[in-house]
Amino acid sequence: MDGTQIMTLGLGLEAPWILKDQHLDTSVSPHRLDLYVEAERGSLYPCPECGKACPAHDFADKTWRHLNFFQHHCYLHARVPRTKCPEHGVKRIEVPWARSGSDFTLLFEQAAMSLVKEMPVLAVSRQLEISDTRLWRIVHHYVGRMLGQLDLSKVEAVGLDETASRRGHRYVTVFLDMQRKQEPVIFAIPGHGKATIEAFSAFVAEHGGDPDNVVEVVCDMSQAFLSGVAEHLPGAEVTIDWFHIVQTFTKALDEVRKRERRQQAHPKALRWAVLKNTEAGNLTANQITALQELVSDRSAMADAWIIKEKLRWIQQAPTPRGARWRITNYLRVMREAVTDQPLLKPMAKALNTLERHAEQVVRRWLSGLTNARLEGMNGLFQAARSRARGYRNEANFIAMIYLIGSPVGRMLDQAKST
Ligand SMILES: [Zn+2]
């Protein structure tokens, strides 16, 4: 077996393609290996439309970057014919080693996609010595292609939340199929308004699903999300995620702290103590002292803290009926505590929010849905974003969200092995 035969096997070349020539240039840096592939003279090629063996009409010279040959950059050159089919006329054929329109061989692209799943794109582009712009083009092609094959015919329960895409309040909204055990992300789109739900609904319909079959949605209390769901996923019951209720009260509590601090100074340890989960047992001695002071003096902050802590009483309700009853009575008692207390206005607002969404909060006792998984995925997306030191644009961030959290990554692996 000579060198040419080895290279032919390595490239996976099949008739009519043969390796005609090869040239290693060590006078340039990095060194490069050029491989020249040709079809035997007089060969017939399949028409791209019907597959009928046709003669070549003319040829064009093309070059593809291939996997490195050891440390040398490797390029594949071929004269690619256009066939002349009696039925379909003159058409450029597809070569077996590259997809049309790409300057890279399929093997090169597969290697690039495997690396992109493991490390930041900028690092991969340095490793492969191609520009990150060209690498992103490959990523977008494969993510888009795999997304096109996504089957959403069984989607019935959906979780959605926003994730920060860059500094300055830019967001991407991510949608999860709550019944998918692995890689639950099925859609991601820039923005966090009503239009994101409309786009999701259309996406489901384009992928074999029916937006009317979505019967459960879990999200936060954003009015944009809620009205979007009402309009574009009309069959869905909404569960307001418990985490977001607690978050609303925690923010209100912080607001009370700031207001009151303008009037009287709090010990510094207090801020962290009230923001931490007091049941977690992770308070310092200073924080515990500060908390004891807080409870013994009748500050607005103390009242606000109790209002927030007593949410747990609702959370522990055994049944939806019990939860409904507890919310009603919680609101009645806590409203009395905030009446005529200007410093507690933020808590009064939080109570109104809870009342407005009471039925959707109770829904969690029926649907069993939480956004905990989405919160976890969000951590992965943000870790990737910070490893990449941000993304140049939202489309790139979204492509990474799909690679990390959706079935796209696995579909790529499977496509490779066939
Ligand atoms: Zn044809």
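Details
- Between L122 and R389, the modelled labels are 0.3 nm apart [label points 7 Å from Cα along Cα→Cβ].
- Dipole of region 3-100 [Lys/Arg +1, Asp/Glu -1 at C-beta], most positive-end residue of Q22, I93, A78: I93
- Summarising the strand pairing of the chain, around 75 percent of its internal DSSP beta bridges are antiparallel.
- Heavy atoms of T248 accessible to a 1.4 Å probe, total area in Å² rounded to 10: 40 Å²
- Area accessible to solvent at I288, 1.4 Å probe radius, in Å²: 80 Å²
- Exposed-site-free run, longest, the chain (rule: trypsin sites (Lys or Arg not before Pro); DSSP loop; at most 16 other C-beta within 10 Å): 182-261
- Among the listed pairs K117/K194; K117/K181; K181/K310; K20/K62; K181/K308; K251/K310, a Cα-Cα separation exceeding 23 Å is found for K117/K194; K181/K310; K181/K308.
- If the chain linking R312 and Q149 were pulled fully straight, counting 0.36 nm for each residue of separation and taking away their Cα-Cα distance, it would gain 54.3 nm.
- Per residue, the accessible area of the chain comes to 52 Å² when a 1.4 Å probe rolls over the protein heavy atoms.
- Under 12 Å, Cβ to Cβ, from E231 - net charge with Lys/Arg +1 and Asp/Glu -1: 0
- Taking label points 7 Å from Cα along the Cα-to-Cβ direction, K349 and R166 give a separation of 2.9 nm.
- The chain - percent of accessible surface contributed by carbon and sulfur, probe 1.4 Å: 51 percent
- By accessible area with a 1.4 Å probe, ligands and nucleic acids excluded, highest first: order of S153, S100, S406: S100, S153, S406
- In this label model, S43 and K251 are separated by 6.4 nm, measuring between points 7 Å along each Cα→Cβ vector.
- Remark: region 119-127, residue by residue, has Karplus-estimated 3J(HN,Hα) of 9, x, 4, 4, 5, 5, 5, 5, 4 Hz, where x stands for each Gly or Pro and the curve is 6.51 cos²θ - 1.76 cosθ + 1.60 at θ = phi - 60°.
- Charge tally in the Cβ shell below 11 Å around E162, where Lys, Arg are +1 and Asp, Glu are -1, E162 excluded: -1
- Residues L176, L366, L128 ordered from highest to lowest accessible area at a 1.4 Å probe: L366, L128, L176.
- Cα-based helix-to-principal-axis angle, 242-261 vs the chain, degrees rounded to 10: 60 degrees
- Considering only H31, H192, H77, the mean-square fluctuation computed in a Gaussian network model of the chain, springs between alpha carbons under 10 angstrom, is largest for H31.
- Seen from F70, the other residues with C-beta closer than 15 Å to its C-beta sum to a net charge of -2, counting Lys and Arg as +1 and Asp and Glu as -1.
- Value of [θ]222 nm, deg cm²/dmol, for the chain, DSSP H segments ≥ 4, -39500 (n - 2.57) each, nearest 500: -15000 deg cm²/dmol
- Solvent-accessible surface ranking, highest first, for H57, H88 at 1.4 angstrom: H57, H88
The values are calculated or read from the model by the stated rules, or taken from the named source; none is laboratory data. What you are looking at is a predicted structure, and each value in this text was computed from that prediction instead of being measured. Cβ atoms come from the backbone with ideal geometry, glycine included; neighbour counts cover every protein chain shown. We work out accessible area using only protein heavy atoms, side chains counted, and drop any ligands, DNA or RNA first. Shrake-Rupley method; radii C 1.70, N 1.55, O 1.52, S 1.80 Å.
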